[in-house]
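Asks: One structure, as structure tokens, below. Some questions next.
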Amino acid sequence: MKKTVQFILEIQKILDKKTWIKVKLFYLAVLLSAIFEPIVLVLYKNLLNMLSNQVAFASTIFWVVFGYEFVQLLSGFSMLLIGHEKLKLEYTLNNILIKAVHNKLNRICEEEFEKENTYNLLERVKESFVNSVLSIIDGLIGGATQIIQCVGCVLIVTRINLYLGLAMILANIPYIIVNIVYNIKEYKIKQKCSLKKRQVSYYEEQLQYRRNAKDIRLFNATPYMLNRIENLKTDITKEYVMLYNKEVWLKSATTILKFVVTGLCIILCIKPTYYGTANCGDIVVLITASLNLENKIFELFENYYLIMNCGFIIEDWYSFSELPEEKEIKSNDTIENYSITFRNVSFKYPGTNRYALQGVNLHIKQGEKIVIIGENGSGKTTFINLLLGCFSSYTGNILIDGKEICNVYDEIRRNCSVVFQDFLKLQLSIKDNIFLEQSSLFEEKQIEEQVYFIGNLKNGINTVLGQLEEGGIELSGGEWQLIAILRAMVKTNKKIIVMDEPTSYLDSKKEDWFYATLLEIPKDMTVIIVSHRLSVAKLCDRIVLFKKGRIETMGTHEELIENSEEYKRMYFSQKDMYDINS
């Protein structure tokens, strides 16, 4: 419970002051409404005693009935109001908590996403965190309500029969213990099955993606994918079935014990009335309060069970919140010259022993146009990721204007524009995909005139893409890549443009447009292009050839044709593809 309280205090830090006040006021209102039930029972007992003994005046009975109905009315009205406010509060909390999770995701170091354990943790947090927080708050509110109602019932019961109340409390203890033990075991199974659940989600998503429909049908992949899903689900189900088979017997035994004790208690309550040694009202309310007490104890520990069950997400949340974040280094350093220097840089991906880059030394002057080439796995994309600050666990030095890149990350990202291999595709309008609400010197009309396929669309740059909205259209891979290139080009204040395989989806006409655009880039802007296509090499100032994580050679096209057998082989193997006007 201590961890739960600490967790709630952590959640308080996430919430704004206004929302936290709303939570506290809501909690207070629920607690106040909890006192209505014991009051109703007391009034009901007094009313029955008056009627059975026939000793009260009519006016007294009237006021007792009036009080009884008035409290019932208040109770019903408060429940309606609380239910309404609860929906509003849950909606607000849901939005704030989801935002907090995504903000944290945005700050986590890129290296962490290379680890399987991180993805398993993210899956559990994504699946359970928000609902668990809401459930914990519900459980705490419900638990506090039930404690108040239990106290009221205990006071009523013990005034009539002390031992009856104790018996009903003790009868619930075995059931509670069984629930707690199996709750812990269930969470351990959940942890154990995290990877398999993530695999199931992945395969199900692949079957549902529209873009996969043709491949799946053509290769008849549905039975194969469904078989993998079924096997994974079978393995997961076996784990839970083994647990539940044991749990059901113990829960059944403790439930039978609880009801046997309850039955005996009711018989003991009825006996004095039968022999005329107790008031009818006392006995009726005694039975009602006893049953209520049992139910409230059960509900109280169900809420405790709920909090404990959700409480395991607390450990996940702390693990999630403690994932290393990118360092926010506030530096007064400013970059005047966007020259880039890699000095003896080496890097391994987390969990591997092989160097993705080893001993890389390279200096790129501001305004240079560089093309990086090499076979798959030679280290080209890793080089780009290090330059952009995606990974920090490298050795050596990466310098911008002579300053360590880790000290000027923010300025680099503000002044660097990128086209990744797996570029962003949003099912929004073309305009939103390009500008992402950024201001730009480019005009919409200018883009429609320069990029023919956009100008030919009925709604031009405002055309909606994808299937989220009615009337959305699908683009080819090359058209999507053009949008990614445009997004990089329209960014203001850029000093460096980095493009990873920017022409991989482009046809010859679109590729010509790309080369023309490349030639128009201002001479003081640094351009770094990763490409398998050597057609772009002639347009760049220098070519850098990577091989097995190292720089094999570098120079101009003419220099490498003369001095590098590797480059010469690559060049002539593609020669017919890249003859362009230069």
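Asks: Could the peptides 509-519, 240-250 be put in order, highest first, of the mean number of other beta-carbon atoms found within 10 Å of their residues?
Replies: Numbers: 509-519: 15.3, 240-250: 12.7.
My ranking of the peptides, most packed first, is 509-519, 240-250.
Asks: OK, next. Restricting attention to the range 372-479, which chymotrypsin sites (Phe, Trp or Tyr not before Pro) occupy a DSSP loop and are surrounded by at most 13 other Cβ atoms within 10 Å?
Replies: none
Asks: Next up: Could you pull out every one of the lysines with an alpha carbon less than 17 Å from that of K575, ignoring same-chain neighbours closer than 8 positions?
Replies: Qualifying lysines at Cα under 17 Å: K538.
Asks: What does the convex hull of the alpha-carbon atoms of the range 79-230 project to on average, in nm²?
Replies: Average projection, Cα convex hull of the range 79-230: 14.8 nm².
Asks: Diagonalise the Cα gyration tensor of the range 426-491 and give the resulting equivalent ellipsoid semi-axes, square root of 5 times each eigenvalue, largest first, whole Å. Write out the running numbers ahead of the final one.
Replies: On the way: eigenvalues 62, 32, 26 Å².
Whole-Å semi-axes of the equivalent ellipsoid: 18, 13, 11.
Asks: From the helices alone, meaning DSSP H stretches of at least four residues, give me the mean residue ellipticity at 222 nm for the chain, per-run term -39500 (n - 2.57), in deg cm²/dmol to the nearest 500.
Replies: Computed mean residue ellipticity for the chain: -21500 deg cm²/dmol.
Asks: Count the lysine pairs in the range 77-192 that are 8 or more places apart or on different chains: how many have C-alpha atoms under 20 angstrom apart?
Replies: 11
Asks: Still on this structure: Where the only charges are on Cβ atoms (+1 Lys, Arg; -1 Asp, Glu), what is the dipole of the chain about its Cα centre, to the nearest 20 debye?
Replies: So the magnitude is around 1600 debye.
Asks: Highest mean first, how do 344-351, 284-291, 355-362 rank when packing is the count of other Cβ atoms within 10 Å averaged over residues?
Replies: Details: 344-351: 15.9, 284-291: 21.9, 355-362: 19.1.
Those peptides, ordered most packed to least, come out 284-291, 355-362, 344-351.
Asks: Still on this structure: Just grab the label-to-label distance for T158 and A144, each label 7 Å out from Cα along the Cβ direction, in nm (one decimal).
Replies: 2.3 nm
Asks: Subtracting the Cα-Cα distance from 0.36 nm times the residue separation, let me have the gained length for E116 to R414 in nm, one decimal.
Replies: 104.2 nm
Asks: Once you have a ≥ b ≥ c as the square roots of the Cα gyration tensor eigenvalues for the range 508-582, tell me rounded if a/c is under 1.5, and otherwise prolate or oblate according to whether a/b is larger than b/c.
Replies: Oblate, since a/c reaches 1.5 and b/c is not below a/b.
Asks: Which whole-number percentage describes the relative contact order of the chain, with Cα contacts under 8 Å and a sequence gap of 6 or more?
Replies: Computed over the chain, the figure is 15 percent.
Asks: Let me ask something additional. Test of understanding: extend the Cα→C-beta vector of A213 to 7 Å, then name every residue of the range 454-471 with backbone N under 20 Å from that spot.
Replies: Within reach of a label on A213: 464-471.
Asks: A further question on this structure: Can you tell me how the range 2-321 classifies by the Cα gyration tensor, rounded, prolate or oblate, using a/c under 1.5 as the rounded cut?
Replies: prolate
Asks: Please work out which option in (i) -0.53, -0.90, -1.03; (ii) -0.65, -0.85, -0.92; (iii) -0.29, -0.67, -0.84 gives log10 I(q)/I(0) by the Debye sum over Cα atoms at q = 0.06, 0.09, 0.10 Å⁻¹ calculated from these coordinates, and answer with its label.
Replies: Only one option fits the structure, namely (i).
Asks: Given the options Y163, I430, W20, identify the residue whose Cα lies farthest towards the positive end of the charge dipole of the chain (+1 on Cβ of Lys, Arg; -1 on Cβ of Asp, Glu).
Replies: Y163
Asks: Using the Cα centre as the reference, give the magnitude of the dipole from point charges on the C-beta atoms of the range 439-582 (Lys, Arg: +1; Asp, Glu: -1; all else neutral), rounded to the nearest 20 debye.
Replies: 460 debye
Asks: Follow-up. Compare the peptides 557-567, 10-20 by average per-residue count of other Cβ atoms within 10 angstrom and give them in order, highest first.
Replies: Highest mean packing first, the order is 557-567, 10-20.
Asks: Work from the charge dipole of the chain (Cβ charges, +1 for Lys and Arg, -1 for Asp and Glu, about the Cα centre) and give the residue of I11, A29, I96 farthest towards its positive end.
Replies: Checking the options against the dipole of the chain, the answer is A29.
Asks: Among V527, F391, I297, which residue has its Cα furthest toward the positive end of the charge dipole of the chain, with +1 on Lys/Arg Cβ and -1 on Asp/Glu Cβ?
Replies: I297
Asks: So for the pair D512, E559, with labels modelled 7 Å out along Cα→Cβ, what separation do we get in nm?
Replies: It works out to 3.2 nm between the two label points.
Asks: Using Cα centres only, tell me the gap between the range 150-206 and the range 506-555 in whole Å.
Replies: 63 Å
Asks: Can you give the angle from 0 to 90° between the axis of helix 17-33 and the longest principal axis of the chain, with both taken from C-alpha atoms, to the nearest 10?
Replies: 20 degrees
Asks: Taking the Cα centre of the range 64-217 as origin and charging only Cβ (+1 Lys, Arg; -1 Asp, Glu), how large is the dipole, in debye to the nearest 20?
Replies: The calculated dipole for the range 64-217 is roughly 420 debye.
Asks: First measure r as the distance between the Cβ atoms of N231 and E69, then evaluate 1/(1 + (r/R0)^6) with R0 = 60 Å and state the FRET efficiency to the nearest 0.05. Present the calculation step by step, with values, prior to reporting the outcome.
Replies: Working: r = 61 Å, r/R0 = 1.02.
So the FRET efficiency works out to roughly 0.45.
Asks: Based on DSSP, what percent of beta bridges with both residues in the chain are antiparallel, to the nearest 5?
Replies: 55 percent
Every number here is computed from the coordinates shown, using simple stated rules; none is lab data. Being a predicted model, the structure only gives us computed values, none of them experimental. Note that each Cβ is placed from the backbone with ideal geometry, even for glycine, and that neighbours are counted across all protein chains shown.
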